[in-house]
Amino acid sequence: MKIVSVVGARPNFMKIAPFIRAIGKWNREHGNEQQLEHILVHTGQHYDDKMSEQFFTSLNIPPADINLGIGSGSHAEQVGKTMIEFEKVVKQHKPDWVVVVGDVNATCACSITAKKECIKLAHIEAGLRSRDMAMPEEINRLVTDRLADLLLTPDELSSANLLQEGAPEKSVKFVGNIMIDTLEEQRAKAAALSITDIIKNNLHPGHTQPIPEISGDFGVVTLHRPSNVDHQETLAEITGFLVNEAATALPLLWPIHPRTLKQMQTSGLIDQVNNCGRIVLLQPLGYHDLLKLNMEARIMLSDSGGLQEECCVLGTPCLILRENTERPVTLVKNGGVGVLVGNDVAKIRRSFNTIMDAGRLASFRPELWDGHTAERCVKEIVEYVG
Ligand code: UD1
C-alpha cells in the first residue's frame, strides 16, 4: 500500500512525526505483503528555518521526499498553487491513500486534489468545528471533512459533529489526539531544558531592553490569528493590556510569529513592548523550548489551537484570545484548563485576575489522549474497507 502524507505549516509537523514513526513500527511488525510505502510531501507554506526546518530536525522527521515550494501568498494563491503542484505528485506516484492533518491551507488544497484524482483520503484531526466562517481554518476543515473517506477524530465531540453533518458512521473513527503522541514522546527532553538558556538562545533581535529576572512565575504569550493581529486597533488593545496590566503582575515571554511581528513593526507597537521592560520578545521557538515554557508557565495567553490542547494535558491555565474554539474539550466547563476571552480587554482582565488568584490547575487528559493515536490511525487506514 502506498501512502502520501502532506505537511505545510508549523502545526502540521508535530502531527506527522508520530504518524511516520507508526508507519515504521507497522512495517517492522508486519510481513512483506503488508508493507507500507510512504512518501512525505511538504507544500512549503512555511519555509523559514524557525517555522519549518528546525521541527524536522528536533522531532526526527525524515526530510520531505518532495517540497512543492509554495511559500507565502493570499489564500487563493496558496491553495491554487498547492493544488497545481500536488496534482503532479499524485499523478506521478498514484498512491492508494493521501493523508492530511490539521486545518491549514495545505490540508484543504491537497484534499481537493486527491479526491479529484480519485485517491482515498484520510484526515487526521477530523471533526473539529469552531462554527466561525470568518476563520480560514474552519473552511479548510469543512472542505476536507466533506471529502475524506476516513475521518480520524481526536475526541467524541468531534465524532458527533461529523455524524450530525451526515458523515457515514463507518468512516468516522475516534482515535485520540495525535499531538499528544508527540508531547509524550518529547516531554522528558523538554523538561531537561533551562528557561534561562531558552531565552538567551532565542532572544528576538527586536528585543532591545535588558532581560527581566525570570526566577519565579512567568506568563507566555502567543498570537498569530488574523482576527487578533491584522487589525491595528485590536492588536493595540491586546498589546496595551499585556504591557500595562499583565506584565505588571508577572514577566511575560512572547515568542513572536512573523505575521504578528510585521504588524507590530508597521504600527510601532513593538516600541511599547520594548519600553515596558517586563516582556521578553523571542523568536519563533522550537518544539521543546515552547513545551518547556508551557510546563513551567503560571499562565498562557494564546490564540493557538494546539497550545490549548497541550496546556490541558500539562495543567497550565490558558486564556484563549478567541471568541470560539474548535477544541471545546479543552475548556474548563468540560474539565480542561481553557477559558475563551476573545479580544475584549475587560473579559481578558477578569479571567486573568481569576487565574492569578488561583493556583496552577490539575492536568486533564481526555479519552485516548494517551500517546498511541498514530498507531490507531495507521491501523484504521490499513483496515479500511470502502
Ligand atoms: C498558518 C495556518 C494556521 C496555523 C499557523 C501556524 C492557514 C490558513 N493558516 O497561518 O492555521 O495556526 O500557520 O503558524 O493555513 N511567514 C514567514 N515565514 C514562514 C511562514 C510565514 O515569514 O515560514 C509569514 C508570511 O510571509 C505570511 C505570514 O507569515 O505573511 C503568514 O503566513 P501564512 O502561512 O499565510 O499563515 P499563518 O498566519 O502562519
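The values are calculated or read from the model by the stated rules, or taken from the named source; none is laboratory data. Note that this is a predicted model, so its numbers are computed, not measured. With ideal geometry, Cβ positions are generated from the backbone for all residues, glycine too; neighbour counts draw on all protein chains shown. Just so you know, the surface numbers come from the protein's heavy atoms only, side chains and all, with ligands and any DNA or RNA stripped out. Shrake-Rupley method; radii C 1.70, N 1.55, O 1.52, S 1.80 Å.
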Query raised in the report: Among the residues of segment 84-93, is any basic (Lys, Arg), closer than 23 Å to residue 119 by Cβ, part of a loop (DSSP other than H, G, I, E, B) and more than 12 Å from the ligand (Cβ to nearest atom)?
Result: no
Report task. Determine, yes or no, whether residue 351 is farther than 20 Å from residue 11 by Cα and in contact with a strand residue (DSSP E or B) (Cβ under 6 Å, 6 or more places away or on another chain). Result -> yes
Report summary line: Of the residues in segment 235-258, those that are of a type in the set (S, T, N, Q) and surrounded by fewer than 17 Cβ atoms within 10 Å (Cβ to Cβ) come to 244, 248
Requested in this report: List the number of the failed condition for residue 274; all other conditions in (1) away from the ligand (no atom under 16 Å from the Cβ); (2) closer than 22 Å to residue 201 by Cα; (3) part of a helix (DSSP H, G or I); (4) at pLDDT 95 or above hold.
Outcome: (4)
Query raised in the report: Checking residue 20 against (1) away from the ligand (no atom under 16 Å from the Cβ); (2) surrounded by 24 or more Cβ atoms within 10 Å (Cβ to Cβ); (3) among the β-branched types (Val, Ile, Thr), which test does it fail?
Result: (2)
Report task. Using the structure shown, decide if residue 346 is without any contact (Cβ under 8 Å) to a residue 24 or more places away in the chain and surrounded by fewer than 16 Cβ atoms within 10 Å (Cβ to Cβ). Result -> yes
Requested in this report: Could you tell me whether segment 127-144 includes any residue that is in contact (Cβ under 8 Å) with a residue 12 or more places away in the chain, open to solvent by less than 30 Å² (accessible area, probe 1.4 Å) and within 14 Å of residue 4 (Cβ to Cβ)?
Outcome: no
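Each row is one residue, and each column tells you yes or no for (1) modelled with pLDDT of 95 or more; (2) more than 22 Å from residue 279 (Cα to Cα); (3) not in a helix (DSSP H, G or I).
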site	(1), (2), (3)
301	yes, no, yes
307	yes, no, no
312	yes, yes, no
322	yes, no, yes
361	no, yes, yes
Report task. Return the pairs, sorted by first residue and then second, in which the second residue is at pLDDT below 95 and within 12 Å of the ligand (Cβ to nearest atom), the first residue lies in segment 100-123 and is farther than 18 Å from residue 153 by Cβ and outside any loop (DSSP other than H, G, I, E, B), the beta carbons are less than 9 Å apart, and the residues are 6+ apart or on different chains. Result -> none
Query raised in the report: Looking at residue 193, is it surrounded by 17 or more Cβ atoms within 10 Å (Cβ to Cβ) and within 16 Å of the ligand (Cβ to nearest atom)?
Result: no
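Does residue 293 qualify as being buried (at least 23 other Cβ atoms within 10 Å of the Cβ), within 20 Å of the chain's Cα centre (by Cα), within 16 Å of residue 241 (Cβ to Cβ) and away from the ligand (no atom under 12 Å from the Cβ)?
When the stated conditions are applied, residue 293 does not pass them.
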Query - Residues that are within 19 Å of the chain's Cα centre (by Cα) and charged (D, E, K, R), drawn from segment 335-386 - result: 365, 370
Report task. Residues being free of Cβ contacts under 8 Å to residues at least 40 places away in the same chain, closer than 21 Å to residue 135 by Cβ and buried (at least 19 other Cβ atoms within 10 Å of the Cβ): count how many of those fall in segment 54-82. Result -> 2
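For residue 201, are the conditions met, namely being open to solvent by 60 Å² or more (accessible area, probe 1.4 Å) and either touching an Asp or Glu at 6+ places or on another chain (Cβ under 7 Å) or more than 16 Å from the ligand (Cβ to nearest atom) (or both)?
Working: open to solvent by 60 Å² or more (accessible area, probe 1.4 Å): yes; either touching an Asp or Glu at 6+ places or on another chain (Cβ under 7 Å) or more than 16 Å from the ligand (Cβ to nearest atom) (or both): yes.
Yes, satisfied.
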Requested in this report: For segment 125-158, enumerate the residues that are more than 16 Å from the ligand (Cβ to nearest atom) and small (Gly, Ala, Ser).
Outcome: 127, 148, 158
Requested in this report: For segment 104-124, enumerate the residues that are within 15 Å of the ligand (Cβ to nearest atom) and open to solvent by 20 Å² or more (accessible area, probe 1.4 Å).
Outcome: 112
Report summary line: If we ask which residues in segment 181-230 are farther than 14 Å from residue 257 by Cβ and either touching a Leu at 6+ places or on another chain (Cβ under 6 Å) or not hydrophobic (A, V, I, L, M, F, W, C) (or both), their number turns out to be 25
Query raised in the report: in contact with a strand residue (DSSP E or B) (Cβ under 9 Å, 6 or more places away or on another chain), within 24 Å of residue 175 (Cβ to Cβ), open to solvent by 10 Å² or more (accessible area, probe 1.4 Å) and modelled with pLDDT of 95 or more, is that true of residue 367?
Result: yes
Report summary line: Per the list (1) more than 24 Å from residue 145 (Cβ to Cβ); (2) within 16 Å of the ligand (Cβ to nearest atom); (3) assigned to a loop (DSSP other than H, G, I, E, B); (4) within 19 Å of the chain's Cα centre (by Cα), residue check on residue 55 breaks on (3)
